[in-house]
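Here's the structure, in structure tokens; my notes come after.
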Amino acid sequence: MKEGLRQSMALLHTWTGLLLGWLLFAMFATGTSAYFQDEITRWMQPEITGSADPVTSAEGAVRFLQRTAPDATSWYISLPNSRSATTQVYWQAAEGQKRGKRADTSAVLDQSGREVSTRDTRGGYFLYRFHFDLHYIPVLWARYLVGVAAMFMLVAILSGIITHKKIFADFFMLRFNKGQRSWLDAHNVTAVIALPFHLMITFTGLVTLAIMYMPWGIAANYADRTAFQDAVFGKSVEVARSGNPAPLVAVAPLMRTASAAWDGKRVGYVKITNPGDSTAMVNIARASEGAIGSRGEEISFNGITGRPADHSMAKGAALATESVMIGLHAGRYAEYGLRWLYFLSGLGGTIMVGSGLVLWTVKRRTKLPDPSHPHFGFRLVEKLNIATVAGFPAGIAAYFLANRLLPLSMAERADHEINSLFLTWLAVFVWAVVRPSARAWPEALGLTAALFAAVPVVNALTTSRGLPASLLAGDWLFVSFDLVMLVLAAGFAKGARRAARKRAEGPRAVRRKTPEAMAA
Amino acid sequence: MAKSAANARTTGPAGRRIGRWNVASRIVAAVPANYLVTSLATACLARLLAHGLAVNPAEASVTATLLSFAIFATIALFAFGLRSVSRLWLWLAVSGGVLGAALWLSLGMGGRL
């Protein structure tokens, strides 16, 4: 390969990776945690135990909605899957009624249709939404920003591959304590081992919001997006209420019929329009864990007679490909073995982005005209690196801690949990700015390690589901959560120790390899 | 100080110095011009599949949309990989022109839903 091409690709790789690298780090970290969003939610709602049956839950939810919102335009019932125990219901207020806040038109129910009394939290769902909606900024802007970042990532991956000389040898290359070489190895190993995952996750991530980023393929054939959606999902006929009351058909038999049509796969979602009216309709969608494709099967029933209604969705290779791409990205189909692989690959991706960011400064430090007084750009990157690589994980740990420590009766409690994440992140950023970078690195990493280590301790002190109790009870979800926190704490503590040692030795001592460093 | 660092970085292939304008023009080519050409290519492909090859329009549109990200990434790589900036812009202008004309003709012939 021509050296010139490799050089220009290296340049492209460096800058596409750096410019939005901090956002990509946060996206990778929250996206990785989102593979366990149901488990995180369960950990964050320690009051809820046991499991729930989807059919019983649906019946309970219908009873709740008949009491609470009998004349709503539609009811949405998100049923528990094999990993969760609660039912989420939302309803759309009848026309003419003013729209209330989200909390006024939604509820979390147990299997018998009673509202669960648990601490107010958005759980793992918040981390999942942050992954593409961010926070504190309008969702639309966030999604464009996230899309630009994902495209930068795709270009960074491709140019990184072209730059790379010995892609196979680097599978086996991880040299510790070698300064810049070690950072490069860490970057290469995490990038190369999970390369198919990184390519897949970045491309499919773009596909999840493709219509927003690249609407012109649809604009070329359809007058507007609604026409396209009608062609794909079947025409959504919004029928107005007739005003003639009629009792709603029982949902349980419809769910069984639907399940049977899908070879026994469970139902994930029930939507009821115009409940209690003679125009009622029941839409039943397959649970997303039932197959890879995200666009699940759906069956519509007449809401009075229970007869299947005509509902045809377009089928074809491209639509199926898109559906599978989105499904691969979200990983909802994955059982635990594969789910852990997703999680580890995502962790690898997070480390890849983080080590790449650090590498940018490590590579340039030696070439600085005056390494003790770097120029503004270099300092900015260094501070943002500390704030993000150490500070963002610290924020996630603080989010979990806030869940256990904030008073249960606090108003807007869920929002305060989220604020604690961002306040911690901000605090680490401020700390990184005011302290010399060489000191701020071990301090910030040490803080992150301490926060993660505190999570199982605080959990044991504030709930009856601490690590010893969970071990005895065989509650593997809680055991795994606490253990992952400890592993993360150990990882950050190791990073803090290494950064502290490097500071003590100074950049020169590392290259001279003192006997102490060899022994350590 | 920052300037000398920037110059040292951008010493390009064969020891040639790459100027600021060279990099700036490649960035314009790689992002806005690229998006324009990719959009035209996506729209053209969707029209071609739906009207030329009688593929179901939803399928045609989704096929083109899925490919668009690969097209965008490829053009972005070329924007920095091609040695000559003038050749890069020539390629972009010609393909943009051809695709734009094809789309205009296709829309002019009607059949738009």
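Here are a few things to note about the model shown:
- Between the Cα long axis of helix A:3-19 and the first principal axis of chain A there is an angle of about 60°, rounded to the nearest 10.
- Residues in the range A:222-258 that a label on A:Ser278 would reach, taking backbone N under 13 Å of a point 7 Å out along Cα→Cβ: A:241-247
- On full extension, the segment bounded by A:Met200 and A:Leu477 gains 96.9 nm, given 0.36 nm per residue less the C-alpha separation.
- The mean accessible area for residues of the range B:26-108, using a 1.4 Å probe and ignoring ligands and nucleic acids, is 47 Å² per residue.
- Using the Cβ-Cβ distance between A:Arg497 and A:Ala240 with R0 set to 41 Å, the FRET efficiency works out to roughly 0.05.
- Here A:Ala309 and A:Asp224 are evaluated by their C-beta separation; at R0 = 22 Å the FRET efficiency comes out at 0.30.
- Helix-only arithmetic for chain A: the sum of -39500 (n - 2.57) across DSSP H runs with n ≥ 4, divided by the residue total, places the mean residue ellipticity at 222 nm at -19500 deg cm²/dmol.
- Estimated vicinal HN-Hα couplings, Hz - the range A:294-309 in sequence order (Karplus 6.51, -1.76, 1.60; Gly, Pro = x): 7, 7, x, 5, 9, 10, 9, 10, 5, x, 10, 8, x, 6, x, 9
- Leaving ligands and nucleic acids aside, the A/B contact buries around 3300 square angstrom of accessible area in total at a 1.4 Å probe radius.
- Length available on full extension from A:Phe422 to A:Leu338: 0.36 nm per residue minus the Cα-Cα distance, which gives 27.1 nm.
- Protein heavy-atom accessible surface, 1.4 Å probe, per residue over chain A: 47 Å².
- Residue-count net charge about A:Ile304 - beta-carbon cut-off 15 Å; Lys, Arg +1, Asp, Glu -1: +1
- Each residue of the range A:70-75 was assigned a 3J(HN,Hα) from its phi angle through the Karplus expression (A = 6.51, B = -1.76, C = 1.60, θ = phi - 60°), giving x, 10, 5, 5, 8, 10 Hz with x at Gly and Pro.
- Cα centre as origin, Lys/Arg/Asp/Glu Cβ charges: the range A:369-520 dipole, Debye: 860
- Excluding exposed DSSP-loop trypsin sites (Lys or Arg not before Pro) (at most 16 other C-beta within 10 Å), longest clean stretch of chain A: A:368-512
- Taken one residue at a time, the phi angles of the range A:132-146 give Karplus couplings (6.51, -1.76, 1.60, θ = phi - 60°) of 10, 9, 6, 7, 6, 10, x, 4, 4, 4, 4, 5, 5, 4, 5 Hz. Gly and Pro are set to x.
- Stretch gain in nm, segment A:Arg256-A:Arg365, where the contour uses 0.36 nm per residue and the Cα spacing is subtracted: 32.8 nm
- Charge sum, other residues only, whose C-beta stays under 11 Å from A:Val428's C-beta, Lys/Arg counted +1 and Asp/Glu -1: +1
- Inter-chain shielding of B:77-89 (mean C-beta neighbours from other protein chains, 10 Å cut-off): 3
- Sequence-distant aspartates and glutamates (8 or more away, or on other chains) whose Cα lies within less than 14 Å of A:Lys271: A:Glu59, A:Glu238, A:Glu297, A:Glu298
- Ranking of A:His131, A:His373 by solvent-accessible surface, largest first: A:His373, A:His131 (1.4 Å probe, protein heavy atoms only, all chains present).
The values are calculated or read from the model by the stated rules, or taken from the named source; none is laboratory data. If you're wondering where the values come from, they're calculated on a predicted model, not measured in any experiment. Note: ideal-geometry Cβ built from the backbone for every residue, glycine included; neighbour counts use all protein chains shown. Heavy atoms of the whole protein, side chains included, go into the accessibility calculation; ligands, DNA and RNA do not. Shrake-Rupley method; radii C 1.70, N 1.55, O 1.52, S 1.80 Å.
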